[in-house]
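Bear in mind these aren't lab numbers, they're just calculated from the coordinates by the rules spelled out. Model, not experiment: these values are computed from the prediction. Because the Cβ atoms are built from the backbone with ideal geometry, glycine has one as well, and the counts that use them run over all protein chains shown.
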Amino acid sequence: MLNRQQLKEYRELRGLSTRDVAHYCDLSQPLIVQVENGDRGLTEYNYRQIVDGINAAYAAKKLGTFEKAPRVNVPKTKNRKKKEAGNEGN
């Protein structure tokens, strides 16, 4: 069984983001980040889901069937809000 750091390296070596892995398993992207950072414990269930998600996403990339996970609820930064507000009259 890989430790949390090895899981992260395994994912990164395959060119996958935590969002990509979450899209191919039953865990949320924030939970995967928390596990990799050591903020949450690595349970057997989480471990299996992450490994299976990495393997499924990587296999899909190799087969050309990879689906990039959609971005959801990306909060706007203060600078972006100011920039958009300045462009409203144009």
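Put in order of Cβ neighbour count within 10 Å, fewest first, the listed residues E12, E36 become E12, E36. Take the Cα of N55, step 7 Å toward its Cβ, do the same at L42, and the gap between the two points is 1.6 nm. Once Rg and the Kirkwood radius are both taken over the C-alpha atoms of segment 12-68, their ratio Rg/Rh works out to 0.97.
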